[in-house]
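Shown next, in structure tokens, is the structure this report addresses.
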Amino acid sequence: MPFVQRSGLNIRSRNRLHFSVNTNYQQILQEIYEETLPLKGQGKVADYIPALANVFPGHYGIAIQTLSGETFQVGDAEVPFSIQSISKVFVLSMVFKELGEELWSRVGREPSGSSFNSLILLETENGIPRNPFINAGALVTTDCLLSIKKEPCSEILQFVRGLSNNPTINYNNHIAESEKKTGFRNAALVNFMKGFDNIKNDVDAVLDVYFHQCSLMLNCVDLAHAFLFLANGGVNPWNQESILTASQAKRVNALMQVCGLYDDSGEFAFTVGLPGKSGVGGGVVAVIPNLLSICVWSPQLNKHGTSLAGMKALELFTTKTGISIF
């Protein structure tokens, strides 16, 4: 499948990785796609959210966006899906930009070692979540967003549209409502933290925004575009807007490296070697600073909630290209 090239990117001048110049990304994507097709049927689509249980399990797509302005894709890379916890990176970035270091008084920066929706550590750590990517931490950053934005759902939507360079991106209200009806653990988390005074706004309002951000519908190409600012020192290459400082972008990447896949983060770091973020919708996005971002989507998950094909595809990508952050 031929690559799609988009012009108009204004990339911050910086040194490129020397081995990227002659890399045939399209050929590599095709090889990876074919080698990982046998993984279909080995995982399980997320069914604890009823609206996700109906997703066709055979979908599979990969997309790359480079800082030189090229997009490469294969498979179902243009089929939108619910990005779920990948959205946590966007909300974290919005809040981190506004609050800076103040944010870390309410949420930690350490791996949790537990599942994404666990309540265990909140009791012993006085309602302070270990990191902003577990559900408890994301609920805190969402609460922060409610405190600094008058219309948080609208602000999130405009933020993601700008990063992805796609003004048509929207929420899936059916999925948001499905999460609301079954989100008992998230309700428990936010109420528990409210008891420790680590949630400042109305809990129902926090949950409503959280469920909506998780229901955002993007495809692999959109997500590869949207994460490119984290490969570009915090600057959105589509319009040169400074989303984060270079220091803040480095720290968000570091958090993705150690916490982005919950209790699968160590395995991801070991096998893939890139900062990444997963979602139970089956998407996994990873970043190579100064070079590119890559998104894989396959809804069938392993026991940790990570896309089986996505994990393997990214492992093969760093192996075949010889590119990782290590």
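Coordinate-derived values only; no laboratory data. Model, not experiment: these values are computed from the prediction. Cβ sites come from the backbone with ideal geometry, for glycine too, and all protein chains shown count toward neighbours.
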As straight-line cross-link partners of residue 277, the qualifying lysines (C-alpha separation under 25 Å, not fewer than 8 residues apart within one chain) are 40, 44, 88, 97, 149, 180, 250, 303, 312, 320
Computed on Cα atoms, the radius of gyration and Dmax of region 187-326 in angstrom are 16.3, 49
For region 112-172, what class follows from the C-alpha gyration tensor (a ≥ b ≥ c being the square roots of its eigenvalues): rounded when a/c is under 1.5, otherwise prolate if a/b is larger than b/c, else oblate?
prolate
Using θ = phi - 60° and Karplus 6.51 cos²θ - 1.76 cosθ + 1.60, couplings along region 319-326 (whole Hz; Gly, Pro as x)
6, 5, 8, x, 10, 7, 7, 9
Using the alpha-carbon centroid of each, what span in Å lies between region 91-117 and region 185-228?
12
P(r), alpha carbons of region 39-92 - 5 Å bins starting at zero, rounded %:
4, 14, 18, 22, 22, 12, 5, 2, 0
Value of Rg to Rh for region 267-326 (Rh from inverse mean 1/r over Cα pairs, i.e. Kirkwood):
0.94
Check the chain for me: any Cys whose beta-carbon has no other cysteine beta-carbon within less than 4.7 Å?
144, 153, 214, 259
Between 0 and 90 degrees, rounded to the nearest ten: what's the tilt of helix 135-148 against the longest Cα principal axis of the chain?
80
Note on region 42-146: alpha-carbon gyration tensor, axes a ≥ b ≥ c; rule is a/c under 1.5 for rounded, else prolate if a/b larger than b/c, else oblate; result oblate
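Kirkwood hydrodynamic radius for the chain: how many Å is it when counted over pairs of different Cα atoms? Write down the numbers at each step before the final one.
Numbers: mean 1/r = 0.0516 Å⁻¹.
It works out to 19.4 Å.
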